[in-house]
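One structure is given here, and the rest of the page talks about it.
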Amino acid sequence: MATKSLSFREVKKKIRIAPSILGADYGDLNHYLQKLEPFSDLFHVDVMDGNFVPNLSIGAMVVNDIKTTIPLDCHLMINHPEEYIESFAKAGAHIITVHAEATRDLKKTIEKIQSFGCLAGVSLNPKTPVSKIEKILPIVDMVLVMSVEPGFGGQSFMPEVVSKIVQIRKAYPELDIEVDGGITHKTAPLCKSAGANIFVAGSYILKADNPKEATEKLRKSVS
Ligand code: DX5
Ligand code: ZN
């Protein structure tokens with residue numbers, strides 16, 4: 001189980017690069033992650049239920065077995081996420097993000113995440129408008145703007161979501177805004193200019209010949 005670090009909570013709106021571990025070698029996960037640790041700010045953990053999204057990945061049991069010093073950013077692409085918050089919190093998640101489209105009582109779900117000492121994120125699919133989360137924004141710790149339809153890595157960035165980042169940043173100058181899907185050294189600067197500060201990258205880092213160099217290139221593009 002990952003150890004929660006205080007310093008993680010202390011820096012708001014800092015630029016962070018979060019490799020998405022969806023494309024990792026799950027047969028040798030801890031060893032694989034160790035190699036990414038020196039240049040990663042967060043590990044983005046994609047949780048899929050084959051229901052909210054048409055793909056399956058991992059659950060809290062696997063998260064519990066992750067041994068790393070890097071904070072875990074768990075992106076729950078699942079229906080009824082409120083039923084699984086406790087198990088992800090106990091498994092060592094630092095940030096737990098739920099989809100606005102997947103839960104009936106978003107406020108209760110966000111409060112439940114925070115009650116376990118985790119940061120609470122809310123995510124929007126590309127077609128979901130910001131108005132869907134307007135009421136909840138004053139209490140969330142992070143917004144995750146999806147820049148692809150959730151479910152799979154390796155898709156192309158959807159530039160039409162950039163205006164949502166602008167909209168959220170304008171209303172909440174201090175909020176952490178994460179962007180996820182098709183992030184590269186070319187698409188990340190568009191999101192940075194719009195106001196995003198956390199950049200999830202799956203294929204760009206994990207499929208690179210040299211993940212360290214790819215991460216540095218991505219970081220440079222948003223610095
Ligand atoms: C997609 C996931 C992403 C995915 C990103 O549903 O939420 O985190 O791993 O992968 P890339 O960066 O390849 O689009
Ligand atoms: Zn994700």
Q: Report, in deg cm²/dmol and to the nearest 500, the calculated mean residue ellipticity at 222 nm for the chain, where each DSSP H run with n ≥ 4 adds -39500 (n - 2.57) and the sum is divided by the residue count.
A: -7500 deg cm²/dmol
Q | Nitroxide proxy distance, nm - points 7 Å out along Cα→Cβ at E111 and A171 | A | 2.0
Q.
Using alpha carbons only, how many angstrom separate the centre of the range 114-150 from the centre of the range 152-223?
A. 16
Q: Please go through the range 142-188 and write out the trypsin sites (Lys or Arg not before Pro) that DSSP classes as loop and that have at most 14 other C-beta atoms within 10 Å.
A: K186
Q) For q = 0.07, 0.10, 0.13, 0.16 Å⁻¹, what log10 I(q)/I(0) does the chain give under the Debye formula with an equal point scatterer on each alpha carbon and no solvent? A) -0.18, -0.38, -0.66, -1.07
Q | Local electrostatic count, A188, Cβ distance below 13 Å [Lys/Arg +1, Asp/Glu -1] | A | +3
Q: Using Cα pairs closer than 8 Å and at least 6 residues apart in sequence, work out the relative contact order for the chain, in percent.
A: 21
Q. Along the range 156-166, what does the Karplus equation 6.51 cos²θ - 1.76 cosθ + 1.60 (θ = phi - 60°) give for ³J(HN,Hα), rounded to whole Hz, x for Gly and Pro?
A. 8, 4, 9, x, 5, 7, 4, 5, 5, 5, 4
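Computed from the coordinates by the stated procedures, all read-outs in this text should not be read as laboratory data. This is a predicted model, so every value here is computed, not measured. Backbone-built Cβ (ideal geometry, glycine too); neighbour counts: all protein chains shown.
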